[in-house]
1. Can you tell me which residue is farthest from the chain's Cα centre (by Cα) among those in region 282-310 that are over 19 Å from Phe369 (Cα atoms) and within 12 Å of the ligand (Cβ to nearest atom)?
2. If you go through region 344-390 one residue at a time, how many are under 19 Å from Arg45 (Cα atoms) and in a helix (DSSP H, G or I)?
3. Answer with yes or no whether Val418 is touching a helix residue (DSSP H, G or I) at 6+ places or on another chain (Cβ under 7 Å), under 17 Å from Gln308 (Cβ atoms) and in contact (Cβ under 8 Å) with a residue 40 or more places away in the chain.
4. Out of Gly241, Gly236, I need the residue that is in contact with a helix residue (DSSP H, G or I) (Cβ under 6 Å, 6 or more places away or on another chain) and either at pLDDT below 95 or not assigned by TED's automatic domain parsing to the domain that holds Asp341 (or both). Which one?
5. Which pairs turn up if I take residues in region 385-412 that are under 14 Å from Phe328 (Cα atoms) and look for partners that are of a type outside the set (A, V, I, L, M, F, W, C) and surrounded by fewer than 19 Cβ atoms within 10 Å (Cβ to Cβ) with beta carbon separation below 7 Å, at least 6 apart in sequence or on another chain?
6. Pick out the one residue from Leu455, Leu412 that is more than 23 Å from His347 (Cβ to Cβ), open to solvent by less than 70 Å² (accessible area, probe 1.4 Å) and modelled with pLDDT of 95 or more.
7. If we keep just the residues of region 37-57 that are open to solvent by less than 20 Å² (accessible area, probe 1.4 Å) and not small (Gly, Ala, Ser), which is farthest from Cys427 (Cα to Cα)?
8. Which ones in region 366-378 are open to solvent by less than 40 Å² (accessible area, probe 1.4 Å) and either farther than 18 Å from Gly52 by Cβ or of a type outside the set (Val, Ile, Thr) (or both)?
Amino acid sequence: MTRIAIIGGGVAGLSAGIFAQLNGFESVVLEKHHEPGGQCTGWNRQGYHIDGCIHWLVGTKEDTAINDLWKTVGALDGVEVYHPETFLTFEHDGISVPIYRDLDLLRETWTQISPADAETIGEFCDTIGQLQSFEVPADKPMDMMGLLERLRLMASMKDAGMIMKEYGKVSLKEYADNFEHPALRETLGSFLPDGYSASSVFFALATFTKGQASVPVGGSRAFSLRMAERYRTLGGRIEAGCEIAELDIDGNRAVTARAEDGRTFEADYFVAACDAHFFFEGLLGGRYPDRAFRSRFENPTDYPLASQVLVSLGYEGTMDEVPRSLSFPVESFRLLGDPIDRLTVSHFGHEPDFAPEGHTLLTCAINQFHADFDAWKTLSGDPVAYRSEKERIGRCVERAIIGRFPEMAGKLRVLDVVSPLTYERYCNAHRGAFMAFLPTVRTKGMAHTGAVKGLRNVFLSGQWLQPPGGLPVAVITGKDSIRRICKQLRRAFVDR
Ligand SMILES: Cc1cc2nc3c(=O)[nH]c(=O)nc-3n(C[C@H](O)[C@H](O)[C@H](O)COP(=O)(O)OP(=O)(O)OC[C@H]3O[C@@H](n4cnc5c(N)ncnc54)[C@H](O)[C@@H]3O)c2cc1C
């Protein structure tokens, strides 16, 4: 039987494993951590469960290809979905701007905030509505499609193409300047990190407003563990605590994956479902450079990577009246020297099991970029200073939240502070990145097949193949790497 070794047990690796088993291969997932899930995970602290990933999952709308795929891999099958009323609520100068799921309500509320912006708001909502026709192509990768399939796909992406043409090279901040009211301008301008293309906001909100980007109940860890369970049920094997250090190559084929602890795994095919930088520079030792990736990794200005500081807090109380995600100005504090003047805090009131009875889990994510990562790296050279900086940031966030919600004083406690180095340590994530390259106005698109020049039986899989990454890319590319192996072996691909 043809053997496939999959390096990495995140969503991409589990997806590859599931489709390997469905297609009659003998597969093993080799995962460095003690349990699978990769970045799609959660962890327990002081009686709370901290959800470390899913704010929104593309694929929660029934009868769509991506929803079917999530069900096939066991992640969404029979799972309740929570559809939040708002994506985010942004506070500015005492004005509250909700980004509603209901597009008519959004239009009406924003127009009440700023009648002078009625026309711009109308165009904004119409564009979002128009883009609701867009669906993530989850069936077959474009390079494996026949002519008719390609034409059909391109026709279905007509609206997306028009919006990319109009807004792809306009920065979000530039677009936000079309709004006269400062609260609306600020809401849009800070919706995504600086430099992002305005098209991103339309794709994000079109997906959200049509119910395609909600949250599976039970959270991220339960989500990926359901995939692991599905994989095992199909006869797959997960080797946890197994960090692969290198691939032995013979001619144009990899033959063995070698683990740090000396274990070896021979296989006919290898799917590297791990970080792309680690794959090319670590596992392959830089001997099989890939031009598309290398040029992007060497140009962090045009191809930025984002990581984050994640502060989790437990609150002795409920937050039913507070929007799920709230962005508000705070009294400025410093994070590794940089001023922080605004925080976005999410609460998990919809997940009572994430906290002791009557309590609520809160998380606060602060984006970190290139220079921040370097600063964290330098600081980590002094473990005491590193730990105390994390603790100080935790206290600053706690104080800032109490500044906005004085009634929380004495009832809030910091549970955990995660730095960009945590993502690097746990997932081998390059520079702690939680997504692939961000779509800025300077970015050139990249859809990579995962094939490695010079190696016939190794495929890269995972979020890096289609920036900006995220869970849908991970599950789709995991599946597709098995489709590519089937094609090489001239076998029909089984997709469920
Ligand atoms: C805080 C946060 C919030 C997010 N929110 C969302 C969201 O709301 N929606 C969304 O769609 N996406 C979100 N994402 C992104 C999403 O989690 C990732 O895109 C996705 O999980 C990536 O899956 P992957 O399998 O490609 O990679 P990973 O999850 O990184 O999996 C790679 C796996 O490989 C393992 N590994 C690495 N090196 C080795 C080695 N040498 N040997 C063995 N194993 C190895 C790692 O331990 C890991 O398990 C978020 C990510 C983070 C961190």
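1. If we filter region 282-310 for residues that are over 19 Å from Phe369 (Cα atoms), which is where we start, we get 282-292.
In the following step, the residues that additionally are within 12 Å of the ligand (Cβ to nearest atom) were identified as 282-284.
On the way: Gly282: 23, Leu283: 23, Leu284: 25 Å.
Applying the filter and picking the extreme gives Leu284.
2. 6
3. When the stated conditions are applied, Val418 does not pass them.
4. Details: Gly241 fails: in contact with a helix residue (DSSP H, G or I) (Cβ under 6 Å, 6 or more places away or on another chain).
Going through Gly241, Gly236 in turn, the sole match is Gly236.
5. Ala400/Glu331; Gly403/Glu331
6. Exactly one of Leu455, Leu412 is more than 23 Å from His347 (Cβ to Cβ), open to solvent by less than 70 Å² (accessible area, probe 1.4 Å) and modelled with pLDDT of 95 or more, namely Leu455.
7. The extreme case among them is Tyr48.
8. Passing the criteria: Gln368, Asp372, Phe373, Ala375, Trp376.
The values are calculated or read from the model by the stated rules, or taken from the named source; none is laboratory data. This structure is a prediction, so every number in the text was calculated from the model and none was measured. Cβ atoms come from the backbone with ideal geometry, glycine included; neighbour counts cover every protein chain shown. To get the accessible areas, we keep the full protein, side chains included, count just its heavy atoms, and leave off ligands, DNA and RNA. Shrake-Rupley method; radii C 1.70, N 1.55, O 1.52, S 1.80 Å.
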